[in-house]
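What follows draws every value from the coordinates through simple rules; no lab data is involved. Quantities reported herein were computed from a predicted structural model and do not represent experimental measurements. Neighbour counts are summed over all protein chains in view; Cβ atoms, including those assigned to glycine, are modelled from backbone coordinates with ideal geometry.
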Amino acid sequence: MPDYFTSIGTLLDGSFLQSGALWALSTIPGFPPIIQTVHILGIAVVMGSVVILNLRILGLAVPSQNITEMTRRLMPWLWWALASNLVSGAFFLFGRPLRYFNNPIFGWKVSFLICAVLLTLFFHLMSRREEAYWELSSKRLWSARAVALLSLMSWLMVAMAGRWIAYVEYIYYPA
């Protein structure tokens with residue numbers, strides 16, 4: 001792991017953020033499974049909205065729906081679910097910062113997440129620029145398809161890296 005990344009974990013270790021997260025995780029009855037369930041449901045909403053929208057843009061799903069209308073309906077769900085994942089994931093990140101910031105897969109997840117969010121934000125902002133922005137020309141539609149393909153791959157890598165975070169410990173630190 002890069003030194004700056006592990007130093008973030010060291011900085012958070014023993015901080016008030018860690019104390020607060022550990023207090024909530026250990027004191028509030030049932031909090032760890034509840035917050036993890038919120039996180040998993042948020043992942044489901046993010047992935048569901050991103051996948052259906054990107055597949056529509058690629059012409060592989062829901063051809064009867066307009067891209068602009070789907071974007072308008074799905075994006076609020078995506079952004080709220082992403083915000084809930086940020087909050088719910090922060091409890092686990094702050095609770096054990098060295099576990100995450102010393103894990104190379106966490107670095108990959110963050111990298112893919114930044115890429116996925118930026119691609120999604122770009123698509124959303126361009127969609128709001130003018131009505132039917134992506135459908136006005138074939139050049140824009142092909143650009144939207146390229147963004148959709150990159151976005152889909154990035155979000156899938158975020159999900160896969162998120163699952164691998166827990167399992168990479170067995171590879172680096174076998175029992």
Subset tally (residues that are part of a helix (DSSP H, G or I) and either in contact with a helix residue (DSSP H, G or I) (Cβ under 9 Å, 6 or more places away or on another chain) or under 14 Å from Glu69 (Cα atoms) (or both)) for region 126-141: 9
Residue tally, condition touching a residue at least 24 places away in the same chain (Cβ under 8 Å), exposed (fewer than 15 other Cβ atoms within 10 Å of the Cβ) and in a helix (DSSP H, G or I), over region 56-79: 2
Residue in region 87-98 that is surrounded by 12 or more Cβ atoms within 10 Å (Cβ to Cβ) and more than 20 Å from the chain's Cα centre (by Cα) present: yes
Val50 surrounded by fewer than 18 Cβ atoms within 10 Å (Cβ to Cβ) and either β-branched (Val, Ile, Thr) or in contact with a His (Cβ under 6 Å, 6 or more places away or on another chain) (or both): no
Residue tally, condition more than 16 Å from the chain's Cα centre (by Cα), of a type in the set (Gly, Ala, Ser) and under 16 Å from Asn66 (Cβ atoms), over region 142-153: 1
Region 1-36 - residue that is touching a helix residue (DSSP H, G or I) at 6+ places or on another chain (Cβ under 7 Å) and part of a loop (DSSP other than H, G, I, E, B) and, of those, farthest from Phe94 (Cα to Cα): Met1
Subset of region 142-151 that is more than 13 Å from Ile114 (Cα to Cα) and touching a helix residue (DSSP H, G or I) at 6+ places or on another chain (Cβ under 9 Å) - its residue that is surrounded by the most Cβ atoms within 10 Å (Cβ to Cβ): Ala148
Total residues in region 99-122, condition over 14 Å from the mean Cα position of the chain (by Cα) and without any contact (Cβ under 8 Å) to a residue 60 or more places away in the chain: 1
